[in-house]
Amino acid sequence: MRMTARLCRLAVMVTLALPASLPAAAQTVQDQARFDLVLRGFTAGSLTFSANQQGEGYAVVGRLASSGIMAMIRRVAYDARSEGVIRGGRFIPTRYAETADTGKRRSESVMDYKGGVPQLRVYNPPRSPADWDVEPASQGGTVDPLTALYATLRDVAPGAECDRALKMFDGRRASQLTLGPPQALEGGAVTCSGEYRRVAGFPPEDLAEKTSFPFSLTYLPTETGQMRVVEVTMDSLYGKARLIRR
């Protein structure tokens, strides 16, 4: 199931559980989305997330799971939760937790953040150090994969689409997500090109195989006037893949 795992990283890894909870002080902004992962014309998985934002605080939960034909081969699921704050348009996570079930192996990891620097609290099952490991202390200013997903796929005000760069760290791997400027299309649609890039913490054979994964986002206006990502088209090691919003 390497394909699903890699697309999970490319889509920036996630899961859906219960609605995230935050203190009931400020007005709550809620975001929920479900995408089908389509590869070569076949449904291979689903990506879902649910988020609450109150004032500066945000909490998001998400899930990526195999479905359709892929689920008949092996059931794979990644579940994650992230919490943090948004200041000046910048996402600053405070905690990230992830569980993964590849059908052959189950794992979990938990990171807390101190002064914007990730602190790896849990990584099970333990593994021996590798030459290409990334030291969490060197990853100050990064965001977790789920925060990156939320920042990229959430509804935004017109004019706030695209044009973003995020450095990511998942407890082992460092990567980068960049989005170019928005381009207007007919019917009020907006699109932009982006790139997911492996930076460090990956086995040498993975970096030799491919480091750059181009993708594009397509937004459409909602009834409330917000702009919403309705499709993500991306390159993968197995050809073109798409995330299609239901």
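The values are calculated or read from the model by the stated rules, or taken from the named source; none is laboratory data. Everything numeric here is computed off the predicted structure, so don't read it as measured data. In this analysis, Cβ positions are derived from the backbone assuming ideal geometry, glycine residues included, and neighbour counts consider all displayed protein chains. Keep in mind that these areas ignore ligands, DNA and RNA; they rest on the heavy atoms of the full protein, side chains included. Shrake-Rupley method; radii C 1.70, N 1.55, O 1.52, S 1.80 Å.
Do we find that Pro145 is at pLDDT 95 or above, under 24 Å from Asn52 (Cβ atoms) and of a type outside the set (Ser, Thr, Tyr) in this structure? Yes.
Can you confirm whether the range 193-201 contains a residue that is open to solvent by 60 Å² or more (accessible area, probe 1.4 Å) and closer than 30 Å to Glu135 by Cα? Yes; the residues of the range 193-201 include at least one that is open to solvent by 60 Å² or more (accessible area, probe 1.4 Å) and closer than 30 Å to Glu135 by Cα. Checking each residue in the range 14-40 for being under 23 Å from Thr224 (Cα atoms), modelled with pLDDT under 70 and open to solvent by less than 70 Å² (accessible area, probe 1.4 Å) picks out Ala20, Ala26.
Taken over the range 95-109, residues that are closer than 13 Å to Thr142 by Cβ and open to solvent by 20 Å² or more (accessible area, probe 1.4 Å) amount to 0. Looking across the range 115-135, just one residue is of a type in the set (Lys, Arg) and not in a strand (DSSP E or B), and that is Arg127. Of the residues Ala184, Ala165, Ala189, only one is within 21 Å of Arg87 (Cβ to Cβ) and either free of Cβ contacts under 8 Å to residues at least 40 places away in the same chain or in contact with a Lys or Arg (Cβ under 7 Å, 6 or more places away or on another chain) (or both); which? The conditions single out Ala165. Of all residues in the range 91-107, those satisfying the criterion of being assigned to a strand (DSSP E or B) and either among the basic types (Lys, Arg) or at pLDDT 95 or above (or both) are Phe91, Ile92, Pro93, Thr94, Arg95, Tyr96, Ala97, Glu98, Thr99, Arg106. The single condition from (1) more than 14 Å from Asp170 (Cβ to Cβ); (2) open to solvent by 40 Å² or more (accessible area, probe 1.4 Å) that Asp133 fails is (1).
Yes/no matrix, rows are residues, columns are (1) within 21 Å of Gln32 (Cβ to Cβ); (2) in contact with an Asp or Glu (Cβ under 9 Å, 6 or more places away or on another chain); (3) at pLDDT below 95; (4) among the small types (Gly, Ala, Ser):
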position: Ile73; (1), (2), (3), (4): no, no, yes, no
position: Arg81; (1), (2), (3), (4): yes, yes, no, no
position: Gly89; (1), (2), (3), (4): no, no, yes, yes
position: Val110; (1), (2), (3), (4): no, yes, no, no
position: Glu161; (1), (2), (3), (4): yes, no, no, no
position: Leu177; (1), (2), (3), (4): no, yes, no, no
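Restricting attention to the range 150-164, the residues that are assigned to a loop (DSSP other than H, G, I, E, B) and closer than 14 Å to Cys192 by Cα add up to 6. Where residues in the range 221-232 are over 18 Å from Leu64 (Cα atoms) and out of contact with any Asp or Glu (no Cβ under 9 Å at 6 or more places or on another chain), which of them is least open to solvent (accessible area, probe 1.4 Å)? If we take residues in the range 221-232 being over 18 Å from Leu64 (Cα atoms) and out of contact with any Asp or Glu (no Cβ under 9 Å at 6 or more places or on another chain), then Gly225 is least open to solvent (accessible area, probe 1.4 Å). Condition test on Asp112, is it part of a strand (DSSP E or B), free of Cβ contacts under 8 Å to residues at least 24 places away in the same chain, open to solvent by less than 50 Å² (accessible area, probe 1.4 Å) and closer than 25 Å to Thr28 by Cα? For Asp112, the condition - part of a strand (DSSP E or B), free of Cβ contacts under 8 Å to residues at least 24 places away in the same chain, open to solvent by less than 50 Å² (accessible area, probe 1.4 Å) and closer than 25 Å to Thr28 by Cα - is met.
Please pick out the residue among Asp206, Asp235 that is open to solvent by 20 Å² or more (accessible area, probe 1.4 Å) and in a strand (DSSP E or B).
Working: Asp206 fails: in a strand (DSSP E or B).
Within the list Asp206, Asp235, the selection yields Asp235.
Do we find that Thr224 is polar (S, T, N, Q) and part of a strand (DSSP E or B) in this structure? When the stated conditions are applied, Thr224 does not pass them.
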